[in-house]
Every structure is written in structure tokens, then in C-alpha cells.
Amino acid sequence: MRQGFRVIDADTHVNPSLQLLLRYAEGDKAKMEGRLKPHTLMTKRRSLADSATEEHDMLSINPVRYNRVAGQKGGGDSLPRTGAQHNLMGRTKFTTSKEFSVATAEDNPAGRLVDMDVEGRDIDFIIPGTWAYAATSLELDLTLQLFTSYHNYMSDFCSEDSRRLKGLIIAPCTDPQWAAAAIRRYAKEDWAAAVWPVLPEGMPIDDPDLEPIWQAASEGDFPILYHSFHVMSPYFPGYRDVWDNAVMGRTAGQTWGAARFIAFMTMSGVLDRYPNLRLAPVEAGHGWLPHWLIRLGRQIEYVSGAVPPDLKHTPLEYAQMGRIFCGIDYNEGPEMTKAVNDVIGPDILMYQSDYPHPETSYPDTTDLVLGWKELLGAEATGKLMWENAARCFRLTTTPW
């Protein structure tokens, strides 16, 4: 709790190394390690001081590395290359003012809880790194082994305090039946708070083959999460059209991916078939959302032959009914946040910090956003900081 407000952080991360995932693997671990070796990059954990730490093996599956500096000639080959650096490595800077506890994105949940107390976060919703998004490009059995390892890892990680540490069930769209079974299996565990369908290249989110995933998620009262990634396959819309620049890729890619997710989940009839499903894009910003919902609704009406004729609601109506939530980018500021609330209502946006990535402002992010209370009002601030997330995520236990 912070300044009298409960706090749920809708976007925090872990990024376990390959060796850590292998610790939780089932089956032949040596064979699994050998098959994943080409997709592995040796790297060092970064710190605020950029001091060197021990190397560890991270999965890096077909990353694109945009190489062109704006205003200059081309930067060379930027085709996907497995086991290589992705386009943020070596290019970002920390905006934190205090070091995180060591390895809180790996195997130190106790340290994460300390950091949560320092910043005033009651619940962390935890999302894996980019490798999880890209794993659908591997052989199917290897994809499923990785996701089983991750689920086992999360079960152990969150057991440090499953009232406060929550995560997601990864649902590989390459095997919807396996995904549905995983959702039902992990629905029995307190840490499971959402379902994240990960798509192979070329498969739309509204493909009819994915119906078992929506049914299982609906049964378990899980929201469908979309976390925008832009550095590994399957890439965002137009990923070859950002003129080989990493800033443009991150700026456009995260928002485009979330906008496409919202579009097809609302105009395909999925929300009508499963009335308790909720949608939750995170790490995509939030200022785009009112414009997109309104414009999309108009285009559904205008190009009516491209959507089912029996849609019950517009995208904006789904949002105002409590079917769509969205994590904020606190860098968009209080005025943008108030504008979103003014257009589509205060029941949609969720606080997020992106801990422990360099982009977060730890340990000040919670206080920074609570400082918007004078503009937003106390009621809207309470909804932003925890009430909306509490309605979005499946929280079987909480610290309160």
C-alpha cells in the first residue's frame, strides 16, 4: 500500500535463463539443452552502474536487430538471426535511481518482495521475457517443453507469497488442445491470474482453431492478456516498414500489436460467445486506446461485409462494459491519462511500472503516478492503482 492506496502492478517481468528453465524441465533435460543451444545468447545481467556481472545463457529466438541510426545510411543486415542480440541490447539506459535486489527476474522472489515493499506495490503481475513470445517458432514439442518448464518455474517462484506474486498461463496457439489443458491444470493454482495466447507467425488471434483456449479461459475466469513485444518473432504488423530503426520499431510495434489484438478480439464475436472474457493489453501505452476504439467502431459499421453480421456491441461499448482493460505507460503522463478517462471512462486503465526493466523509475514509479491524484481525483486514482486490475485479473488470493 502507498499513500493510502492499494497497488497492483499490471506489468512486471521475469526472464529466467536457460539453465534456470532446465531446472524445472520435464523429460530429457540434456537433449532439450542441446536443441536449444543454437537459440542461446551468453549475456551479463545489467546494473544501474553498468558494472559487469556473471554471464548467463538467455534464449534469443530469431531476433531482429534494427541497425540504422536515424538520418544515416542503412546499418546493414537486420534479418532475423537466432541466438543473436536483439535490437535493444546495448542501446537502452536505466531510468531507475536505486539498484534492484539481485536476480529478482530470475530466482530471487524474496528480493522482489523487498523491492515491492520499498516501492509500495502490493501485487506484482509477472510476465516472461521475449523468448516466450518467440518460442512458437520452434519445433512444437520443444515449445511445449519450454512452456511446461516456465509454468513449473512460476509455481515455485510465486510460492514465496502467492497472495502477492501472480503470473500468467502461456497458451501456445500452435497446439490449442494442449493450451486448454494447461489452463485447466494451472487454474487450480493461486499464482495463475491471466492467460497469454502466443501466436505462430501468420496465425490471426481470431482463428476458429483457437476456440478451446477461449473456452478454457472463460471457465477459469481468466482475462486474455496481450503483452507487446517487438524484438523477436512473430513480429508486429509492418515490422519490415520501420526503416531499420529500433526507436521506430519500439514506438510503433508495441502499439500496433495491441491495436490489432483489440480489433480482432472485438470484431470476431469471441467476446459475444464468452461473456465473461476480458481483454488486457499491457506495455503498449494507453493514449491510443480511445481513438482506436472509436475509429474501429466506425469502420466495422462502414465495412460491414468484413465482420460477422451479429456482433452485439461496438469496441467502445465492450470497453465501457468492463470487457477491455489497458496498462498505462506512465511516461504518457497525467494529462493523457485524464483524457483517456474523459473519453472512455475511468474503469479501464491499470497502473504498470515495467519492473525490473531499465525503463522503470524504481523506486519512485508508484509515487510518481500517485502524484497525478490532484488532476485525476481520488476515485479515479484508486481505480487506476488497483481497482481496475482487481476486476481484470483472476485473483483467488490477495494480501488483503
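No lab work stands behind these numbers, since they all come straight from the coordinates. Remember, it's a predicted structure, so these values are computed and weren't measured experimentally. When we count neighbours, we look across all protein chains shown, and the Cβ atoms used for this are built from the backbone with ideal geometry, even at glycine.
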Summing -39500 (n - 2.57) over the DSSP H runs of n ≥ 4 in the chain and dividing by its residue number, what mean residue ellipticity at 222 nm do you reach, to the nearest 500 deg cm²/dmol? -10500 deg cm²/dmol
Loop trypsin sites (Lys or Arg not before Pro), region 285-346 (other Cβ atoms within 10 Å of the site Cβ: 16 or fewer; DSSP): Lys312
One would report the antiparallel percent of DSSP beta bridges in the chain, rounded to the nearest 5, as 25
Structure-derived Cα extents along the principal axes in Å - corresponding label in [x] 68, 55, 43; [y] 53, 51, 49; [z] 119, 72, 33: [y]
Rank the residues Lys37, Lys73 as a footprinting-exposure proxy: fewest other Cβ atoms within 10 Å of their Cβ go first. Lys73, Lys37
Go ahead and run the numbers for FRET between Asn331 and Arg240, Cβ-Cβ distance against an R0 of 30 Å, rounding to 0.05. 0.65
Within a Gaussian network of the chain (alpha carbon springs, distance under 10 Å), most fluctuating of Pro16, Pro212, Pro223: Pro212
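GluC sites (Glu not before Pro) within region 170-235: which are DSSP loop residues with at most 15 other Cβ atoms inside 10 Å?
Passing both the DSSP loop test and the Cβ count: Glu201.
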The distance between the Cα centres of region 125-146 and region 285-355, in whole Å, is 28
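Can you list the GluC sites (Glu not before Pro) in region 106-144 that are in a DSSP coil and have 10 or fewer other beta carbons within 10 angstrom? Can you show the working numbers first?
Working: sites: Glu106, Glu119, Glu139; in loops: Glu106, Glu139.
Taking region 106-144 and a limit of 10 other Cβ atoms within 10 Å, the loop GluC sites (Glu not before Pro) found are Glu139.
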Given unit charges at Cβ for Lys, Arg (+) and Asp, Glu (-), the dipole magnitude of the chain about its Cα centre in debye, nearest 20, is 480
Local electrostatic count at Gly120 - Lys and Arg +1, Asp and Glu -1, tallied over other residues with Cβ under 11 Å: -4
Whose amide H sits under 5 Å from the amide H of Ala171, counting only residues 5 or more places off or on another chain, with H placed in the peptide plane? Trp196, Val198
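Using 0.36 nm per residue, how much length does the chain from Met203 to Asp156 gain when fully extended, once their Cα-Cα distance is taken away?
Contour length minus Cα-Cα distance gives 13.7 nm.
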With +1 on each Lys and Arg Cβ and -1 on each Asp and Glu Cβ, and nothing else charged, work out how big the dipole of region 65-211 is about its Cα centre, in Debye to the nearest 20. 680
Starting from the coordinates of the alpha-carbon atoms of region 100-206, obtain the Kirkwood hydrodynamic radius over all distinct pairs and give the value in Å to one decimal. 14.6
Treating the beta-carbon of each Lys and Arg as +1 and of each Asp and Glu as -1, no other charges, what is the dipole magnitude of region 234-281 about its Cα centre, to the nearest 20 debye? 140
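Ranking Ser218, Ser159, Ser97 by Cβ neighbours within 10 Å, fewest first, what do you get? Write down the numbers at each step before the final one.
Values: Ser218 18, Ser159 13, Ser97 10.
In increasing order of surrounding Cβ atoms, one gets Ser97, Ser159, Ser218.
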